[in-house]
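Asks: Let me give you the structure first, and then I'll get to my questions.
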Amino acid sequence: QMAIVPGVLGLTAIAFLLFKILAPILCKKRLSTVTTESIKSAIFEILFLVIYTLYTSISTSIFELFNCHKIQGEWYLIADYTKKCSGPEYNSHLAVGFVGMAFFTVGIPLTLFFLMWSNRKVLFPDCSFLNLNFHL
């Protein structure tokens, strides 16, 4: 599941590049009404929709890696009782889980906060209390 978001980002980048290459060749008349800024805006809308749709399920799956239950002195993963919560295989899953938490569970909201904070003057031009001069 964690590979879905990078996959969507990659496919979106490929679609953007194909549009930039093929649009001038295939549709010169319509290209005059489409700007690079409008394309970027549409891409960001789609990406935010996809990321927010997948955010909860991916974060839940990541946290399931840490949910273990003790049975007869051994700890087992609740999502799959055939997996023990110890050993090198589980430790590699934990490493992936911590990376996933950093990038998805914490990274996505921080990235969106940074994008909105850095564009606050454009988003809220009339709100002088938001136009603070300190930087993160």
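Asks: Between a residue in the range 98-123 that is under 20 Å from SER41 (Cα atoms) and any residue that is not hydrophobic (A, V, I, L, M, F, W, C) and not in a helix (DSSP H, G or I), which pairs come within a Cβ distance under 8 Å, given they are 6 or more apart or on different chains?
Replies: That search, which allows pairs on different chains as well, returns ARG120/ASN131; LYS121/ASN131.
Asks: Which residue is nearest to VAL50 (Cα to Cα), if the candidates are limited to the range 12-39 and must be basic (Lys, Arg) and modelled with pLDDT under 65? Show your work before the answer.
Replies: First, pick out the residues of the range 12-39 that are basic (Lys, Arg): 20, 28-30.
Now restrict to residues that are modelled with pLDDT under 65: 28-30.
Numbers: LYS28: 30, LYS29: 31, ARG30: 27 Å.
So, considering only residues that are basic (Lys, Arg) and modelled with pLDDT under 65, the one nearest to VAL50 (Cα to Cα) is ARG30.
The values are calculated or read from the model by the stated rules, or taken from the named source; none is laboratory data. Bear in mind the structure is a predicted one, so any value in this text is a computation, not a measurement. Quick reminder, even Gly has a Cβ in these numbers, built from the backbone with ideal geometry, and neighbours come from all protein chains shown.
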